[in-house]
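One structure below.
The values are calculated or read from the model by the stated rules, or taken from the named source; none is laboratory data. Everything numeric in this text was worked out from a predicted model, so none of it was measured. With ideal geometry, Cβ positions are generated from the backbone for all residues, glycine too; neighbour counts draw on all protein chains shown.
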Amino acid sequence: MKNIQEPQLTAAKSGAELLIECLLAEQVDTIFGYPGGAVIPIYDALYDCREIRHILTRHEQAAVHAADGYARVTGKAGVALVTSGPGATNAVTGIANAYMDSVPMVVLTGQVSTDLIGRDSFQEVNIYGMTMDVTKHNYSVMDLRELPRILKEAFHLAVTGRPGPVLIDLPKNIMTAHTDLSPAAEINIRGYAPTAPIDEEAVHLIARKIESSLRPVLVIGGGAMAHGATEQLHRLAEIAQIPVATTLMGIGAFPTRHPLYLGMLGMHGTYAANRAVHHADLLICLGTRLNDRLSGKAKSFAPHAWKIQVDIDDAELDKNIPVDLGLCGDVGELLRKLNACAIKPKPTHWSEETAGWQRKVPHYNEAGVVGTLNPQEVIRLIDKHTQGNAVVATDVGQHQIWTAHHYRFSRPRSFLTSGGLGTMGFGFPAAIGAAMALGGSVAPPVVCITGDGSFQMNLQELMTAVDYELPVKIAILNNGYLGMVRQWQQLFYERRYSSVNITSPDFVAFAGAYGVPGLRAQTPEEADAVIRQALALPGPVLMEFNVREEQNVYPMVPPGASNDQMLTGDGER
């Protein structure tokens, strides 16, 4: 008698299908990515999922930057999916950028099968080890039973405490294995305490310091935006009449048209912000790590001030600038408790004095030449036609600083820029991610302000904008140089700067090849008409502005100098 073999029962789902279920449990609605061999099982599962949009970019770096832009405007974790080997290594710059700017993100990387790991297999890299220094946490899924827990933990880690990117490496055979598991319902990460309670005694000490101060200044970083503290910040500044300066990452946390706003602080900051900090007797720094671009010469930073630093990450306290009170905790919680103290500041003329500095020297412009177009004029025109309500993404360089000074941001999460890593090529894909997040006919306009050098780093993403009919308006300030490099060579190295001339394609013709309207302007009158036309057209539009070649960004605090030693562009400090 023959043995009759019992039929094998197959489990209900693959590892890839379980992954999609876990993503849905975390309310993921958009993934930016690029397929490859190691992630084909995931893409097969994703194809059958109607609740998650997959946005196909043209490069893995752009996929991560787009997820970054999505995260910055929503406050949710952006999600990127890339394959193993070169797909994973192409994503590293985007991951590092998100890490430096504390952006919540989950990056899913494909990996070769577990039995091939460590054998120099085709498209195998140790992306887990490679990214340990630029992620908040890393996972490598070597057992399918661990997948639900890992996904739950990854999203929790990405958005809590100090936000940041979390990487999950997914071997191909783990994704093809079968299971009856479901997404995890609970989370318990031993030893992880994302927030510390704000000490009541410290709150009362800060309140007393504000009440006794004659020249207080609030310095606001990106951490104040991340914790939803902007309304409380607005209230404290108005009640106590404290002037407000922001870091580059903090722009938008406080309305830039408000009379108490002094502008951006630091190397490329305004005269009013730098002077106010230098003369302050109380400095309240919220959600900023006080890095080298902000503080210049550390020993002479705010030399007369009693310094308070509040940050969600205790590793940032006292790291760059010695402070008198370092407080680890949620900025929003601190502001709520301060506002509950009914602070009664001393009557002074400090806020009027600092506002006078802002009116006296509001912005620095080199003298224009009749018939030419200044880059600052372009940005002011974009501000005029969008009424300060656009979401603006930039790349890195002179145009980034001009945007920080001349676009008047009216709300938080509307300025997307690479602060810590300084990544050229960030702006356009970040704008794509923002446009995908915002959607809808009533969404604010999305504008990418970029340079001729930066745009060429990820210009292939124009096809992504076309495919998804995204209303991203691209403004290229074309000066024929890597402008900031040229400026540094000229001012600090006394070198000729022909080496940083950069040639470009005909951007208008390039846009036409993608089926995108291309517009060009060379005078202020043409620029005004072009911006108006671009904003009225549906879908993506490319605008090229041929601006003055050798225009510098001013004011500028030289490297290693104190905040009161500023180059103004007129031969004075």
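Data overview
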read-out: Hits in segment 514-527 - residues which are surrounded by 12 or more Cβ atoms within 10 Å (Cβ to Cβ), part of a helix (DSSP H, G or I) and either on the phi > 0 side of the Ramachandran plot or more than 28 Å from the chain's Cα centre (by Cα) (or both); value: P524, E526
read-out: Residue ranges of helices (runs of 4 or more DSSP H) in segment 229-299 with at least 2 members in the same structural domain as G329 (by TED's automatic domain parsing), over 18 Å from the mean Cα position of the chain (by Cα) and among the charged types (D, E, K, R); value: 230-240
read-out: Residue selected from segment 285-333 under the condition surrounded by 20 or more Cβ atoms within 10 Å (Cβ to Cβ) and among the charged types (D, E, K, R), by the criterion nearest to V217 (Cα to Cα); value: K307
read-out: Condition check for A245: modelled with pLDDT of 90 or more, of a type in the set (G, A, S) and out of contact with any Lys or Arg (no Cβ under 8 Å at 6 or more places or on another chain); value: yes
read-out: Any chance A193 is more than 21 Å from K344 (Cα to Cα), surrounded by fewer than 22 Cβ atoms within 10 Å (Cβ to Cβ) and either of a type in the set (A, V, I, L, M, F, W, C) or at pLDDT 95 or above (or both); value: yes
read-out: Among (1) surrounded by fewer than 18 Cβ atoms within 10 Å (Cβ to Cβ); (2) on the phi < 0 side of the Ramachandran plot - the single one I174 does not satisfy; value: (1)
read-out: Unmet requirement for P259, which otherwise passes all of (1) surrounded by fewer than 24 Cβ atoms within 10 Å (Cβ to Cβ); (2) touching a residue at least 40 places away in the same chain (Cβ under 8 Å); (3) within 26 Å of P163 (Cα to Cα); (4) not aromatic (F, W, Y); value: (3)
read-out: Test: V217 is assigned to a strand (DSSP E or B), over 28 Å from P104 (Cβ atoms), modelled with pLDDT of 95 or more and of a type outside the set (K, R); value: yes
read-out: Of residues in segment 142-164 being free of Cβ contacts under 8 Å to residues at least 40 places away in the same chain and not basic (K, R), the one surrounded by the fewest Cβ atoms within 10 Å (Cβ to Cβ); value: D143
read-out: Qualifying residue in segment 313-329 (condition: in contact (Cβ under 8 Å) with a residue 24 or more places away in the chain, farther than 19 Å from R359 by Cβ and part of a helix (DSSP H, G or I)); value: yes
read-out: Segment 112-128 residues that are without any contact (Cβ under 8 Å) to a residue 12 or more places away in the chain and of a type in the set (G, A, S), paired with ones that are crowded, with 16+ Cβ neighbours inside 10 Å and part of a loop (DSSP other than H, G, I, E, B) (beta carbon under 8 Å, 6 or more apart); value: S121/V112
